[in-house]
Each structure stands twice: as structure tokens, then as C-alpha cells.
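Everything below concerns the one structure shown next.
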Amino acid sequence: MGKGKLVKWELMKSFSNVIEKDNQFKGNWAKSFFKNENPIVVELACGKGDYAIGMAKLFPEKNFIGIDIKGNRLFTGANTAKSEGLYNVGFLRTQIDHLEDYFEKGEISEIWITFPDPFPRKGDIKKRLTSKKFIEIYRKILFPKTTVNLKTDSQLLYEFTKETIESERLTTIKDFPDVYKMGKNEELFGIQTYYEKMHILDNRTIHFISFEV
């Protein structure tokens, strides 16, 4: 690990808005971590937490948690939230398939998945964050009839998600095959992640689909 990353890791240990593999708030995130009773929205594979931070600014009446395993990326988001005085956003460093270790049933009100690894190889299908494996995990922490939102530049992951929705008999809420051609990004709060900006410059199509779990 490079010297810069080591410095960030040490600094992040002092950040009160970052939880690392600690389930002390399970079932009590709103009251104990955020000190309120507002609903909680999570951003999975959040990277630098662009969506979590963007939504925290737009919706002060909600709490947001960015979740990722890569601490170097989380540092950027946590530091931004800290410097901007955003107290309704926090970050959790853990593997996404361990979510039920950190949240109780019904504790999460909505999920955002923004530009995750599409895992294109057939052997990695179970690693896709909209696979049946993860849908079952989400059901264990969400309210019934809760929304899962996917924003991606991967045609493969977009089509795979549609297949999962059909096979799992889920209800599609919104389906935008080309967010920018359809003029729909403002409907998605106008937020652009770090990777989304790069994909747009590369003329990639941005897909969005949301569904009830």
C-alpha cells in the first residue's frame, strides 16, 4: 500500500462519519448514528460517495449511508461530507454481501446502485449486485415494497437486471434505456458520479432502472 493511502487510512480512523466492519449500530442507525428518526437510504458500491453526498444535500430530511469495501475511495467521500458539514450522510466499509450483519429487517428505506462492476464473465454472475443472490439479501434489510435503483453504463448489467426483475416477478418502477437521450437525469436529481462523468466524455450510454423488492 502506498504512503498516501496509509496516511488516508490513519486519518479516516478519526472520522466519526465512517464505520469500518463494526455492527454496533445494527437496528439503531437512525437514533444512535444519525441522532434522529429519519429514513435511511444506502448507496451500494458507492466509491467516492457521489450519490450519497448529492442526495444528502438535496434531502436533509433523510439519512444516507455510502457502502464500499475500498477505504481509499471512502476517504474522499467521508472527507467531503466532513468538510461540508453534512451530518445526514455516513459511510460503512464492508462487503455488500454482508449487509444483513449491519442492518435489521426494515431498517433501509431505499437502495441506490451507481455504476458498479458489471462482472461480465458468466462465472461471476452471482457477484452482480442485481443478481438473485443480492436481491435475497436486500429483502432481509428493506421495508416491503422498497425501491432499488440502478444507474449503469453497462448494457450487459442493464439487460441482466431486467431479466432478474422478470424471473423474480418484481415490479419495474422506471426504465430509462438512455438517460441523457431521454432527458431524464434531472428526474434522477441531476447528480453525476465521478465515473458517470468519465463515461459521458467517452460517449457511453447511461442506463437507469428501478424496481420494487
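The values are calculated or read from the model by the stated rules, or taken from the named source; none is laboratory data. This is a predicted model, so every value here is computed, not measured. No Cβ is skipped: glycine too gets one built from the backbone with ideal geometry, and neighbour counts run over all protein chains shown.
Residues in the range 139-155 that are at pLDDT below 95 and assigned to a loop (DSSP other than H, G, I, E, B) were compared, and the one that is surrounded by the most Cβ atoms within 10 Å (Cβ to Cβ) is I141.
Annotation: E37 fulfils all but one of (1) within 20 Å of T147 (Cα to Cα); (2) in contact (Cβ under 8 Å) with a residue 24 or more places away in the chain; (3) surrounded by fewer than 20 Cβ atoms within 10 Å (Cβ to Cβ); the unmet one is (2). Within the range 188-206, being free of Cβ contacts under 8 Å to residues at least 12 places away in the same chain and part of a helix (DSSP H, G or I) holds for K197, M198, L201.
Among what's in the range 56-76 and is at pLDDT 90 or above and part of a helix (DSSP H, G or I), pick the residue that is farthest from S16 (Cα to Cα). The extreme case among them is L58. Please indicate, with yes or no, whether at least one residue in the range 96-106 is part of a strand (DSSP E or B), at pLDDT 95 or above and under 28 Å from F15 (Cβ atoms). Within the range 96-106, none of the residues are part of a strand (DSSP E or B), at pLDDT 95 or above and under 28 Å from F15 (Cβ atoms). In the range 188-207, the residue that is surrounded by the fewest Cβ atoms within 10 Å (Cβ to Cβ) out of those that are farther than 17 Å from G47 by Cβ and modelled with pLDDT of 95 or more is T205.
For the condition under 28 Å from F25 (Cα atoms) and not in a loop (DSSP other than H, G, I, E, B), what is the one hit in I173, I135, I209, I125? Of the residues listed, the single one that is under 28 Å from F25 (Cα atoms) and not in a loop (DSSP other than H, G, I, E, B) is I135. If I ask for residues that are exposed (fewer than 13 other Cβ atoms within 10 Å of the Cβ) and either out of contact with any strand residue (DSSP E or B) (no Cβ under 9 Å at 6 or more places or on another chain) or at pLDDT 90 or above (or both), which ones from the range 12-33 would you list? Matches in the range 12-33: S14, Q24, N28, K31, S32. Against the test of being touching a residue at least 24 places away in the same chain (Cβ under 8 Å), buried (at least 18 other Cβ atoms within 10 Å of the Cβ) and out of contact with any Asp or Glu (no Cβ under 7 Å at 6 or more places or on another chain), the options N72, N63 yield a single qualifying residue, N63. Looking across Y180, Y158, one residue alone is outside any strand (DSSP E or B), touching a residue at least 24 places away in the same chain (Cβ under 8 Å) and buried (at least 19 other Cβ atoms within 10 Å of the Cβ). It is Y158. Candidates E100, E136, E104: the one that is of a type in the set (D, E, K, R), surrounded by fewer than 13 Cβ atoms within 10 Å (Cβ to Cβ) and farther than 11 Å from L157 by Cβ is E136.
For the range 28-85, filtered to residues that are of a type in the set (S, T, Y) and more than 11 Å from the chain's Cα centre (by Cα), the residue that is nearest to E100 (Cα to Cα) is S32.
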